[in-house]
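The values are calculated or read from the model by the stated rules, or taken from the named source; none is laboratory data. Small disclaimer: the values here were computed from a predicted structure and weren't measured. Positions of Cβ are backbone-derived with ideal geometry, glycine not excepted, and every protein chain shown enters the neighbour counts.
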Amino acid sequence: QNNISTVLKNLNILDLNPAYSTGSEWGLSAHSQILDSCSPVDGKRIAGVRITSNEDYEIVVNKAAEAFTFWRNLPAPKRGDIIRQFGDALRKNKDDLGTLVSYEMGKSLQEGLGEVQEMIDICDFAVGLSRQLYGLTMHSERPNHRMYEQWHPLGIVGVISAFNFPVAVWSWNTALAWICGNVCIWKPSEKTPITAVACQHIIAGIFKANGVPEGVSNLIIGDRQIGELMANDSRIALISATGSTRMGKAVAAAVASRLGKSLLELGGNNAIIISQHADLDMSLIGAVFGAVGTAGQRCTSTRRLIIHESVYNAFTEKLVKAYGQLKIGNPLDQKNHVGPLIDKEAVAGYLASIEKCKAEGGKFIVEGGVLTGPEYASGCYVQPCIAAVENDYKIVQHETFAPILYLIKYQKLDQAILLQNDVPQGLSSAIMTLNIREAEQFLSATGSDCGIANVNIGTSGAEIGGAFGGEKETGGGRESGSDAWRAYMRRQTNTINYANTLPLAQGIKFDL
Ligand code: NAD
């Protein structure tokens, strides 16, 4: 607890934090409703933060719009240099911020630090990108004409984020959105507001030191109601929303009704196919980390193992043994593998899913349950469990955000791929095989239908360099690496005539 107090002090967290921030300016809500953030690690209150009122929201949007008129005129490489400084500041704050992520969200310290590392990596990526943002040139069909395309910023980008990656998802969006010339308004999850306040302090300091106006980075606090305000606000050009499919459907409908742009990163139901040609020891690490890492609360967590019948028993034996060795407890203690779920509501969801699975015929090979005792006083620690199921059970088709792993048996690879694809979600997938034909089939157009498909790597733990996201009910959005930056810009096609006549396209004649 002493360590946490120091961390909070280092990150400028107050006992009661203001309701919003427009860059370096922190505002107090007129109506001071308070959101207390409690740690799932020990159930203790970390700090309170005031909720952003509707009036505050107007202040924030106006400041953001004003800041955009400055920021879009700063050359992209200059914007990149400011993001470089942000990355440097994150390097300095990595230990404190990583510890706070671990304490507020409940993931292991290693994963908390890893999340901050991901923020640093995306800043580096964005700096390089700020000298690129390439458009194409085309050959005009008309003589003495030049045709090309260029990319311009959109304006205000709204970022709605989930609790499980409380800081990295924000940076994936904002680092790119900023170098593209946009300003951002961030609504973090109401379950992890304190890490957001810490991030905003860091970026606000960088902007202030560079004379960048308030409002390039804005923070608002609240639950889905303020998220709905954003989704319905036509002043926000793009809403990037990360969270459940339920949330994504609501946001997509609201944004589409005003013909705005949305970028959706929603739930997954990720499977690893374990072939008879797999290296089973390697597969074990991928499967266990994928299923129990972040206590099964990653969008890319491994939910299903589709195992060849000839290795099913041998692999299940290895799994059961590995689960027996898992240490569950305080995630800040590095000897533990598994921390708590985010809150008691998540624990209730986990228990309900186990019951539903049993009712549908699931056989538990490793039983679940809630852990009790002084170390588990928050009531949020659960036992990772494993059940043998059929893929078409309703509960197996559903993403339960907890460490429940489903085992399914297969005979032929075609069948395994069908099973892997036969869920509403399409985020991450993997095959464990040393057989090149199997690997290539899995990656081909007739293979995995997911946004991420891996060979001899599990489903979780993506790098920032690739475009991240998934198909079907995962929402279709792509963030982070590759050319994901394009989602934060508008494309403009320009044709310039330097002839002394005005020929029309398609040879159309129009004489006056
Ligand atoms: P959630 O949907 O409950 O909340 C996510 C965010 O959306 C929160 O900030 C919440 O306040 C806001 N919100 C909820 N309803 C809204 C509405 N109608 N309008 C506007 N905003 C609304 O999700 P969660 O429990 O915080 O996170 C877990 C989910 O997120 C899982 O389904 C997980 O798979 C998904 N996730 C996906 C990715 C990805 O990149 N695909 C990454 C992380 C998490």
Here's a check for you: in the range 189-202, which residue that is in contact with a Leu (Cβ under 7 Å, 6 or more places away or on another chain) and not hydrophobic (A, V, I, L, M, F, W, C) is nearest to the ligand (Cβ to nearest atom)? GLU190
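Select, from LEU219, LEU238, LEU229, the only residue that is among the hydrophobic types (A, V, I, L, M, F, W, C), in contact with a Phe, Trp or Tyr (Cβ under 8 Å, 6 or more places away or on another chain), more than 30 Å from TYR393 (Cβ to Cβ) and near the ligand (Cβ under 9 Å from one of its atoms).
The conditions single out LEU229.
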With the structure loaded, tell me whether GLY465 is modelled with pLDDT of 95 or more, under 16 Å from the mean Cα position of the chain (by Cα), farther than 19 Å from GLY286 by Cβ and surrounded by fewer than 22 Cβ atoms within 10 Å (Cβ to Cβ) or whether it fails that test. yes
Among the candidates GLY205, GLY181, GLY248, residue that is within 10 Å of the ligand (Cβ to nearest atom) and either touching a residue at least 40 places away in the same chain (Cβ under 8 Å) or part of a helix (DSSP H, G or I) (or both): GLY248
So which residues in the range 369-405 are within 16 Å of the ligand (Cβ to nearest atom) and aromatic (Phe, Trp, Tyr), if there are any at all? PHE401
Just to be sure, is THR302 of a type in the set (Ser, Thr, Tyr) and at positive phi? no
Would you mention how many residues in the range 335-357 are under 24 Å from GLN420 (Cβ atoms) and away from the ligand (no atom under 16 Å from the Cβ)? 3
Condition (residue is more than 16 Å from the ligand (Cβ to nearest atom), closer than 19 Å to SER171 by Cα and surrounded by fewer than 18 Cβ atoms within 10 Å (Cβ to Cβ)) applied to the range 484-495: is it met by at least one residue? yes
Quick one: how many residues across the range 158-178 are under 17 Å from GLY222 (Cβ atoms) and either near the ligand (Cβ under 6 Å from one of its atoms) or not aromatic (Phe, Trp, Tyr) (or both)? 7
Looking at GLY155, GLY112, GLY128, which one is of a type in the set (Gly, Ala, Ser), touching a Phe, Trp or Tyr at 6+ places or on another chain (Cβ under 9 Å) and away from the ligand (no atom under 16 Å from the Cβ)? GLY155
Quick check, is LYS261 touching a Ser or Thr at 6+ places or on another chain (Cβ under 6 Å), of a type in the set (Lys, Arg) and more than 7 Å from the ligand (Cβ to nearest atom)? no
Look through GLY290, GLY324 and report the one residue that is within 16 Å of the ligand (Cβ to nearest atom) and at pLDDT 95 or above. GLY290
Every residue in the range 445-462 that is surrounded by 17 or more Cβ atoms within 10 Å (Cβ to Cβ) and free of Cβ contacts under 8 Å to residues at least 60 places away in the same chain, please. GLY447, SER448, ASP449, GLY451, ALA453, ASN454
Got a sec? Which of VAL159, VAL169, VAL116, VAL101 is part of a strand (DSSP E or B) and buried (at least 24 other Cβ atoms within 10 Å of the Cβ)? VAL159
Just one of (1) touching a Leu at 6+ places or on another chain (Cβ under 7 Å); (2) within 16 Å of the ligand (Cβ to nearest atom); (3) charged (D, E, K, R) trips up LYS107, so point out which. (1)
